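Remarks on the structure that follows.
The values are calculated or read from the model by the stated rules, or taken from the named source; none is laboratory data. Bear in mind that the values here come from a model prediction, so they are computed numbers and not experimental data. Counting neighbours? That spans all protein chains shown, and the Cβs are built from the backbone with ideal geometry, glycine included. Calculation scope for accessible area: heavy atoms of the full protein, side chains included, ligands and nucleic acids excluded. Shrake-Rupley method; radii C 1.70, N 1.55, O 1.52, S 1.80 Å.
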Amino acid sequence: MFQKLISTIAGAGVVGLLGCCLSAPAMAQTAEPLRVRLDWTPWGVQAPFHLAQQKGWFKQAGLDVMLEDGNGSVTTVQIVGSGDSFDVGHAALASMMIARDKGLPVKAVAVFARQSDIGLLVPDGSGITGPAQLKGKKIAYTAGSLEAPFVDAFLAAGKLKRADVELLNVDAASKATTYAVGRADAAFSTIPFFLPSVSKQRPSQAVRFADYGLNMPSFGLFASEAKLASKRDAISRFASVTSMAWEYIHAGHQDEAVDAIVAQRPQARLDKTVLRGQIDALKPYFGTGARVGAMVPGDWTDAVKTLSSVGLIGTTRAATDYYVDGLATPEKFGALAKTK
């Protein structure tokens with residue numbers, strides 16, 4: 001099922017306040033339209049986009065940004081990569097890598113969560129600290145999701161096979177509920193998305209795939225090669241402002257970001273506690289030693305190794321072929337965070 005899934009992937013006065021922090025071309029131009037397709041309906045990972053919209057940072061950077069909610073990373077990659085409707089996409093970058101390997105002309109332009117956010121949800125006090133403790137357990141998962149190809153490798157790290165556990169295949173929309181009400185002992189999923197919501201009913205913790213050698217970049221920005229050729233500067237400014245917004249959020253402005261998401265999506269009936277929990281749960285996946293948004297070559301080398309080990313991509317393409325370096329430069333837009 002997963003193979004079938006992946007085969008389908010184949011102003012100017014205000015700007016003047018920034019002074020030397022912006023390049024001359026950016027200062028001179030009027031607001032440039034930029035259409036952005038997001039990964040999913042509103043949740044914590046989208047905090048920097050809504051915060052930047054709410055505070056006018058995109059406009060101050062010479063951009064007129066339109067954000068459209070999505071319904072999954074795979075769909076976002078396919079839509080952005082194969083059509084002209086959107087200039088930038090926000091998705092799990094492993095899906096983008098798989099698509100590029102299958103022939104879709106897309107490349108990453110910024111990475112936010114540098115470590116894989118996929119893992120195992122387990123109840124507090126369960127005694128499950130890794131795959132070795134899963135023998136005989138009932139585990140919820142979704143056969144068509146990105147987690148599925150890694151199940152065997154994860155279990156093998158604990159010297160287990162599929163026959164040693166009971167895998168309960170449920171659709172993505174039902175997985176959180178299935179686990180939260182106790183119909184499964186554990187659940188494979190996107191940890192930052194599900195952990196804060198299910199923990200309200202069933203206090204839980206995460207066992208990360210990344211801690212067992214299954215690492216790859218998670219959420220970030222990408223664009224088609226055609227858009228990179230025609231809108232490179234605008235895409236760079238968008239990536240840079242978004243990266244700066246993440247750094248601003250992590251500097252103690254999480255609640256401000258939550259308020260911005262709710263204000264920008266008033267019809268979504270969002271739970272502020274869950275949104276804050278998602279933002280907090282995401283932070284450990286950003287890694288250290290580099291500015292938010294920056295490409296770290298070793299991360300991409302690890303990603304090629306991880307994805308190729310389960311047959312999702314080949315090994316002939318260089319890791320550097322999956323991204324464009326130098327487009328996300330949050331340091332150039334730091335003055336925005338100081339404006340009212």
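Filter region 192-213 down to the residues that are in contact with a Phe, Trp or Tyr (Cβ under 8 Å, 6 or more places away or on another chain) and either open to solvent by 40 Å² or more (accessible area, probe 1.4 Å) or of a type in the set (K, R) (or both) and list them by number. Residues satisfying the conditions are F193, R202, Y212.
Restricted to region 72-116, and to residues that are part of a helix (DSSP H, G or I) and of a type in the set (D, E, K, R), which residue is most open to solvent (accessible area, probe 1.4 Å)? Restricting to residues being part of a helix (DSSP H, G or I) and of a type in the set (D, E, K, R), the top hit is D101. As a summary of the residue check, S189 satisfies the conditions (1) crowded, with 20+ Cβ neighbours inside 10 Å; (2) polar (S, T, N, Q); (3) assigned to a helix (DSSP H, G or I) except for the one numbered (3).
Look at T177 and say whether it is hydroxyl-bearing (S, T, Y) and crowded, with 22+ Cβ neighbours inside 10 Å. It is false that T177 is hydroxyl-bearing (S, T, Y) and crowded, with 22+ Cβ neighbours inside 10 Å.
Scanning region 304-317 for residues that are within 27 Å of P42 (Cα to Cα) and among the β-branched types (V, I, T) turns up nothing.
Can V262 be described as more than 25 Å from A148 (Cα to Cα) and either acidic (D, E) or under 18 Å from the mean Cα position of the chain (by Cα) (or both)? In short, no. Filtered by the rule that a residue be charged (D, E, K, R), assigned to a loop (DSSP other than H, G, I, E, B), within 29 Å of M96 (Cβ to Cβ) and open to solvent by 50 Å² or more (accessible area, probe 1.4 Å), region 134-174 gives a lone residue, D171.
Within the bounds of region 274-281, is there any residue that is part of a loop (DSSP other than H, G, I, E, B) and out of contact with any Leu (no Cβ under 9 Å at 6 or more places or on another chain)? The answer is no, given that none of the residues of region 274-281 is part of a loop (DSSP other than H, G, I, E, B) and out of contact with any Leu (no Cβ under 9 Å at 6 or more places or on another chain). A search for C-beta distances below 7 Å between a residue of region 323-339 that is part of a helix (DSSP H, G or I) and any residue that is open to solvent by 30 Å² or more (accessible area, probe 1.4 Å) and at pLDDT 95 or above, counting only pairs 6+ apart in sequence or on different chains, returns P330/E247; P330/R291; E331/R291; A337/Y248. Restricting attention to region 307-340, the residues being surrounded by 15 or more Cβ atoms within 10 Å (Cβ to Cβ) and either acidic (D, E) or closer than 30 Å to P149 by Cα (or both) number 10.
Of the candidates T288, T320, T315, T301, the single residue that is over 21 Å from P192 (Cα atoms) and at pLDDT below 95 is T315.
Being over 16 Å from the mean Cα position of the chain (by Cα) and either surrounded by 24 or more Cβ atoms within 10 Å (Cβ to Cβ) or not small (G, A, S) (or both) narrows it down to one of D64, D69, so name that one. Only one candidate qualifies: D64. Of all residues in region 307-330, those that are among the small types (G, A, S) and closer than 18 Å to A210 by Cβ total 3.
Looking across region 117-133, just one residue is open to solvent by 40 Å² or more (accessible area, probe 1.4 Å) and among the aliphatic types (A, V, I, L, M), and that is A132.
Report whether or not I235 is of a type outside the set (D, E, K, R) and over 28 Å from V304 (Cα atoms). When the stated conditions are applied, I235 does not pass them.
Residues that are among the polar types (S, T, N, Q), crowded, with 16+ Cβ neighbours inside 10 Å and under 19 Å from the mean Cα position of the chain (by Cα) do not occur anywhere in region 287-304. Taking the options T190, T242, T273, T178, name whichever one is among the hydroxyl-bearing types (S, T, Y) and closer than 14 Å to D117 by Cα. Unique residue meeting the criteria: T190. Do we have any residue at all in region 23-32 that's closer than 14 Å to A234 by Cβ, of a type outside the set (F, W, Y) and at pLDDT 95 or above? Yes, there is a match, as at least one residue in region 23-32 is closer than 14 Å to A234 by Cβ, of a type outside the set (F, W, Y) and at pLDDT 95 or above.
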